[in-house]
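Encoded as structure tokens, the structure appears first; notes follow it.
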């Protein structure tokens, strides 16, 4: 073997291996021109029960019916949905009302065009051994949070309403490890877990969690998950966004008629999801995915939003905005607005 | 010059002792592994440890049984990312090292940046990669390649620097061109160092793939572990981790095998 061959051989082997592997697993390039109208939706998190209506609409072909080829993407980080929609990288993103308001406060050009989950899912969760039945029981306890400032403010408001001295409650930032720090008894309670997800999970594992919804403990209600669009693209993209929300309305109704349409599609697209957990979670979330009585699908109550802005101002979470006016529009909802 | 050692060969072990040799070689590793397993089992069985948080080895075995289809599917996705990313890192790393070696202003300019780049937290880069490479396999490859690029480049550079000066002078005085010196002397001489860099790259490459997948992926072991953690499916999470470690060890062994083929003189105990 020549010296050159000695060098070349491993290089060749490695390259061949890589090429072989690459050829087998070639992914479809999404840069290819599409004849159907591509519509990119970025989720707030990994796909889960909150998104069952979206998967139902897709499985039923409701998006296709309105000429949209919806591609569902997961965010690379929690801040990505708003950033990407503001940068025009995606057509629509799912985020949280508090995040939308904070973005508007920094003059990020986005607008919420409809609610996906119209009430807070954030909750205070504890195990029976901690004996926290009401917010007043938090006195002397340690509460784990994800380190998100507005969620820490929830805790302060909850303590304030329950007349608990905040000095008597220790807040500990546990990051993403809400459930595990609770189970490991590193904290007595957590604030930040969703009652329809982590709560259901603990219930299914037989841990009998005690759950206090934050809206029941003095925090003003808000839309947990909302559809966020680029404010500058609203005129140009209004038709497509309206079409999307129309299909979502139909998808959510289909989910109500038969939850399996959404769940099966969700599980088929994401084989690593826990079917038992997702089924139960869809069941308890469904009422909040459906429109409130007498309101169109996705309706966002401007007075609730304003009240939430006031609360955020009181807690110094926003500085420049005084109302939610620039943060939301109901004009694109099914049967609403000038362009219907 | 170094002493001539090509004739000093290792005494071959008598055939009958072959299984004994194997046993001797791997016994310590096996014993340590067994000890770790026992400790794991013991910790998992403790009353104070919540079984949702720590899965026992038995539960993990169960997950391998129940989820084998899913695990296999996701492993394949991750393996592709690792191998392709590693290949990119090797090509780019060797190329960069040779370029820096040949053009010293380039080296002066790029080397400090190369070192500094290692301090950037991966999760800052993940969203940027998504922005640059979209949502397919691109950002994962970039992540693996980035993590593996550094050890490959640094090892290759120091390999190129380690060439016997006398040998360099000799070949130059015999009229060899710069590229010829590179091809005949410097590249072969740097191979042992390159391979030690490759060993490191092979083991850390899986970490790159996991980071890439956690930052938004439709499939892969990284996503499986992240989601499993989120769903309190601890046995499945551990099964994913076991596969990742096996992958890293396998890649390490593959590099060692390639090294035996590419650098036979090292094994024979001789010099170039």
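Brief remarks follow.
- The mean number of partner chain beta-carbon atoms within 10 angstrom of a residue's beta-carbon across peptide B:82-90 is 4.
- Tail fraction, Cα-Cα pairs, the range A:122-217, threshold 20 Å, whole percent: 23
- Taking the centroid of alpha carbons for each part, the range A:56-80 and the range B:175-194 are 54 Å apart.
- Estimated 222 nm signal from helices in chain A, with DSSP H stretches of n ≥ 4 weighted -39500 (n - 2.57), rounded to 500: -12500 deg cm²/dmol
- Residue-normalised convex hull volume from the C-alpha trace of the range A:46-120: 107 Å³ per residue.
- In terms of surrounding Cβ atoms within a 10 Å radius of their Cβ, B:174, B:198, A:183 rank from fewest to most as B:174, A:183, B:198.
- Taking chain B as a Gaussian network of alpha-carbon nodes connected by springs under 10 Å, the highest mean-square fluctuation of the residues B:132, B:155, B:215 belongs to B:132.
- Alpha-carbon Rg/Rh ratio, for the protein assembly as shown, with Rh computed the Kirkwood way: 1.05
- Cβ crowding within 10 Å ranks B:156, B:100 as B:100, B:156, fewest other Cβ atoms first.
- Residue of B:124, B:181, B:98 that the Gaussian network model of chain B assigns the largest fluctuation, springs spanning Cα pairs under 10 Å: B:124
- Computed on the Cα trace of the range B:109-192, the radius of gyration divided by the Kirkwood hydrodynamic radius gives Rg/Rh = 1.18.
- Between helix B:122-133 and chain B: long-axis angle, C-alpha atoms, 0 to 90°, nearest 10: 80
- With eigenvalues of the C-alpha gyration tensor scaled by 5 and rooted, the range B:47-133, Å: 41, 18, 13
- A Cα-only calculation for the range B:76-267 places Rg and Dmax at 19.1, 68 Å.
- Looking at chain A, the pairs of alpha carbons with a distance over 36 Å make up 27% of the total.
- Remark on the range B:175-244: hydrodynamic radius 14.9 angstrom, per the Kirkwood mean of 1/r across alpha carbon pairs.
- For the range A:235-320, the Kirkwood estimate of the hydrodynamic radius, built from every pair of different alpha carbons, is 15.7 Å.
- Ranking of B:49, B:185, A:85 by count of other Cβ atoms within 10 Å, fewest first: B:49, B:185, A:85
- GNM result for chain B, Cα springs below 10 Å: residue of B:256, B:97, B:36 fluctuating most strongly: B:36
- Rounded, prolate or oblate (a/c below 1.5 giving rounded, otherwise prolate when a/b exceeds b/c) for the range A:100-143 by Cα gyration tensor: prolate
- The distance separating the Cα centre of the range A:89-114 from that of the range A:130-148 comes to 30 Å.
- Computed on chain B, with alpha-carbon pairs under 8 angstrom and 6+ residues apart, the relative contact order is 27 percent.
- Separation between Cα centres of the range A:194-216 and the range A:230-271, rounded to whole Å: 27
- Counting every alpha-carbon pair across the range A:209-255, the share separated by more than 18 Å comes to 56%.
- Average beta carbon contacts from partner chains per residue of A:74-85, 10 Å cutoff: 4
- Note on the range A:137-279: Cα Rg divided by 2.2 N^0.38 Å, N the number of residues, gives 1.32.
Where a number appears in this text, it was derived from the coordinates with a stated rule and is not lab data. Predicted model only: the values in this text are computed from it and were never measured. Positions of Cβ are backbone-derived with ideal geometry, glycine not excepted, and every protein chain shown enters the neighbour counts.
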